[in-house]
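Colleague: Sharing a structure with you now.
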Amino acid sequence: MSKKNLIVGQSGGPTAVINSSLYGVVSEGLRHPEQIQHIYGMVNGIEGFLAGTVLDFATAFPGSSLEKLKTTPGAYLGSCRYKLPESLEDPVYPRLFQKFREMNIGWFFYIGGNDSMDTVSKLSRYAAQTGSDIRIIGEPKTIDNDLVHTDHTPGFGSAARYVASTVREITIDANVYEKKSVTIVEIMGRHAGWLTAASALARKYKGDNPLLIYLPETTFDQEAFLKAVEKSFEKNCNVIVCVSEGIHDAEGTFICEYDSSVGTDTFGHKMLAGCGKYLENLVRSRLGVKARSVELNVSQRCSVSMMSATDQMEAVTAGNFGVQAALNGETGKMVSFLRETGTDGSYSMKCSLEDVNAICNEEKTVPADWITADGSDVTQDFLDYAAPLIQGTVEIPLGTDGLPDFVYRK
């Protein structure tokens with residue numbers, strides 16, 4: 001059998017372990033020299049590939065330097081938010097597949113979230129329609145944890161650990177004063193509140209902060225919120241409130257839209273930010289207490305200092321598994337995670353495959369029964385679900401300057 005080449009790309013927002021999935025794909029590809037001749041990387045995803053920006057991993061990572069990918073945040077290959085046309089009759093598709101033929105590509109991997117799986121779906125459907133033998137596999141990635149048909153996604157565990165740890169630090173900081181105060185912590189999450197829910201892991205005891213947690217899965221009522229804050233002062237004079245950026249009222253209006261204009265990205269998604277600042281001002285003006293807001297922003301996805309060893313291991317495993325599946329002839333699939341619970345309650349995970357067409361353009365939200373009836377907290381079921389995913393510490397290599405020694409693409 002003649003050898004072919006493998007190509008891999010990254011798309012969408014980075015995570016602490018997206019490069020671990022990349023490592024998994026590349027390292028597994030290197031284990032099959034009898035089938036794979038070259039391993040290429042798309043610089044800036046499918047958009048960069050169309051522009052001809054491709055690197056060869058043999059040149060980019062000589063020797064054992066590939067290992068450093070596992071402790072480097074961001075997307076080493078660069079990312080994009082390029083949406084392929086809905087019509088498979090668009091001329092971009094024959095152009096793409098002509099480039100695949102010219103590069104002798106036999107295996108295509110795309111690491112990303114929902115919109116990236118849309119790309120995998122379109123490419124695999126076009127391949128099937130035209131009789132192409134390219135194997136096309138999606139590698140899951142998103143701190144939002146909103147991909148369907150998988151227990152969780154690589155990136156979520158590390159981001160959840162960062163959120164929980166940071167909220168615990170904010171709580172300790174706030175508790176130094178014996179004067180009423182409210183701290184609003186705004187956390188990423190447009191329609192799915194998984195990451196904000198992870199703030200509950202910060203609690204050390206019943207009644208500990210954060211005392212209030214609001215997710216976009218429920219309707220946010222600002223009058224009920226103000227009453228809940230006042231009630232919370234009975235437990236602690238320093239109240240920590242964690243909110244998803246996508247919280248909205250009964251009419252579906254995002255709270256961040258109450259006093260700010262909101263733009264949209266290339267996929268038509270509203271670019272949300274600012275609900276924390278709005279609620280800070282609301283609390284200060286209506287309750288007359290000290291208030292501040294903290295927007296965790298990109299730190300949630302770029303911090304490797306809080307990387308979960310479980311998350312890193314699973315990201316690498318997903319990359320390995322995807323290559324093995326493609327070499328066995330699978331295509332049009334996304335690698336998924338299946339949770340296994342031992343008789344002693346221990347956690348383990350195994351990989352499987354799901355039809356990518358059933359995943360793209362769908363969204364997994366926090367189950368309603370994992371949210372309290374008043375919409376201001378999460379239940380023990382969520383804590384049991386999330387706790388295993390944040391376990392384990394990764395040692396980050398340091399440079400001579402005492403700072404993390406990351407890999408930089410030249």
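Colleague: Do any cysteines in the chain lack another Cys Cβ under 4.7 Å, and if so which?
Modeller: Cys80, Cys237, Cys242, Cys302, Cys351, Cys360
Colleague: Would you mind computing, in nm to one decimal, how far apart the modelled labels at Lys350 and Leu383 are, each placed 7 Å from Cα along Cα→Cβ?
Modeller: The modelled label-to-label distance comes out at 3.1 nm.
Colleague: Mind checking the full-extension length gain between Leu338 and Arg101? Use 0.36 nm per residue of separation minus the Cα-Cα distance, one decimal, nm.
Modeller: Here the answer is 81.8 nm.
Colleague: Then there is this: Could you work out the helix-only [θ] at 222 nm for the chain, with each DSSP H run of four or more residues adding -39,500 (n - 2.57) and the total divided by the number of residues, to the nearest 500 deg cm²/dmol?
Modeller: -9500 deg cm²/dmol
Colleague: DSSP loop GluC sites (Glu not before Pro) in segment 333-410 with at most 15 other Cβ atoms within 10 Å of their Cβ, which ones?
Modeller: Answer in residue order: Glu362, Glu363, Glu395.
Colleague: If you roll a 1.4 angstrom probe over the protein chains with everything in place, what fraction of the accessible area of segment 326-410 belongs to carbon and sulfur, to the nearest %?
Modeller: Answer for segment 326-410 is 48 percent, counting heavy atoms of protein chains only.
Colleague: Magnitude of the Cβ-charge dipole of the chain, K/R +1 and D/E -1, about the Cα centre, nearest 20 debye?
Modeller: Its charge dipole is roughly 880 debye.
Colleague: Taking a 1.4 Å probe, which of Met349, Met307 shows the most accessible area, and what order do the others take after it?
Modeller: Largest to smallest exposure gives the sequence Met349, Met307.
Colleague: Considering Cα pairs under 8 angstrom that are at least six residues apart, work out the relative contact order of segment 45-177 and quote it in whole percent.
Modeller: 17 percent
Colleague: Another question, then. Could you compute the net charge surrounding Pro404? Neighbours are other residues with a C-beta less than 15 Å from the C-beta of Pro404; K and R count +1, D and E count -1.
Modeller: Around Pro404, the charge tally is -2.
Colleague: Right, something else. How large is ³J(HN,Hα) for each residue in segment 140-145, as worked out from phi by the Karplus curve 6.51 cos²θ - 1.76 cosθ + 1.60 (θ = phi - 60°), to whole Hz, x for Gly and Pro?
Modeller: x, 7, 4, 5, 6, 6
Colleague: At a Cα cut-off below 20 Å, give the lysines reachable from Lys122, other chains included and same-chain residues fewer than 8 away excluded.
Modeller: Lys83, Lys99, Lys141, Lys333
Colleague: Using the basic label-point model (7 angstrom from Cα toward the beta carbon), what is the Ser87 to Lys290 distance in nanometres?
Modeller: 6.2 nm
The values are calculated or read from the model by the stated rules, or taken from the named source; none is laboratory data. Here the structure is a predicted model, which means the values were calculated and not measured. FYI the Cβ positions are ideal-geometry reconstructions off the backbone, even for glycines, and counts take in every protein chain you see. Surface accessibility is based on the protein's heavy atoms, side chains included, excluding ligands, DNA and RNA. Shrake-Rupley method; radii C 1.70, N 1.55, O 1.52, S 1.80 Å.
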